[in-house]
Amino acid sequence: MLTYNNVTPAAWACGVQFAADHGVQITSNQGSATVSGFTLAWNYTPSAQTVALQCTDSPWWAPCSTINSFIDNTVHKCLDQNNVVMAATV
C-alpha cells in the first residue's frame with residue numbers, strides 16, 4: 001500500500017486525470033477498478049488530505065511492484081506540479 005499525505009484536491013484531480021488517461025475511471029474517493037488485467041485500489045480522504053493506492057492484481061508479465069513504482073512516480077509528479085510537500089510521518 002502506498003500512502004501519501006498533504007494531498008490537496010488539485011493534486012488528487014491530477015492523479016484522477018492521469019488514471020483516466022490510462023483507462024482507469026475514478027468516480028469516487030474510494031474504490032477499485034480492473035483494466036486490462038490490472039486491478040488498482042484507492043482511498044482518498046479529503047478531510048485528512050491522505051491517499052492510499054495499491055496495485056492488487058496484475059498480469060504475470062508486469063508484477064504489482066512495478067506498477068506500484070509507476071504509481072509512486074506519477075503521484076510525486078502530481079504533488080510537485082501542485083507545490084505539495086509531503087509531511088514527515090513517524
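The values are calculated or read from the model by the stated rules, or taken from the named source; none is laboratory data. Everything numeric here is computed off the predicted structure, so don't read it as measured data. Because the Cβ atoms are built from the backbone with ideal geometry, glycine has one as well, and the counts that use them run over all protein chains shown.
Values for this structure:
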{"item": "Residue within segment 64-85 that is part of a loop (DSSP other than H, G, I, E, B) and at pLDDT 95 or above present", "result": "no"}
{"item": "Yes/no for ASP57 being among the acidic types (Asp, Glu), more than 10 Å from the chain's Cα centre (by Cα) and surrounded by 12 or more Cβ atoms within 10 Å (Cβ to Cβ)", "result": "yes"}
{"item": "The one condition in (1) surrounded by fewer than 13 Cβ atoms within 10 Å (Cβ to Cβ); (2) of a type in the set (Val, Ile, Thr); (3) under 15 Å from LEU2 (Cα atoms) that ILE67 fails to fulfil", "result": "(1)"}
{"item": "Qualifying residues in segment 1-25 (those that are in contact (Cβ under 8 Å) with a residue 12 or more places away in the chain and among the β-branched types (Val, Ile, Thr)) - the one farthest from SER47 (Cα to Cα)", "result": "VAL24"}
{"item": "Subset tally (residues that are in contact with a Ser or Thr (Cβ under 7 Å, 6 or more places away or on another chain), of a type in the set (Val, Ile, Thr) and assigned to a loop (DSSP other than H, G, I, E, B)) for segment 1-43", "result": "1"}
{"item": "Filtered residue count, segment 1-45, keeping only those that are polar (S, T, N, Q), within 16 Å of MET86 (Cβ to Cβ) and modelled with pLDDT of 95 or more", "result": "1"}
{"item": "Any pair with Cβ under 8 angstrom, 6 or more apart, that starts in segment 26-37 at a residue that is over 19 Å from CYS14 (Cβ atoms) and ends at one that is of a type in the set (Ser, Thr, Tyr) and surrounded by 12 or more Cβ atoms within 10 Å (Cβ to Cβ)", "result": "SER32/THR39; SER32/THR56; GLY37/SER58"}
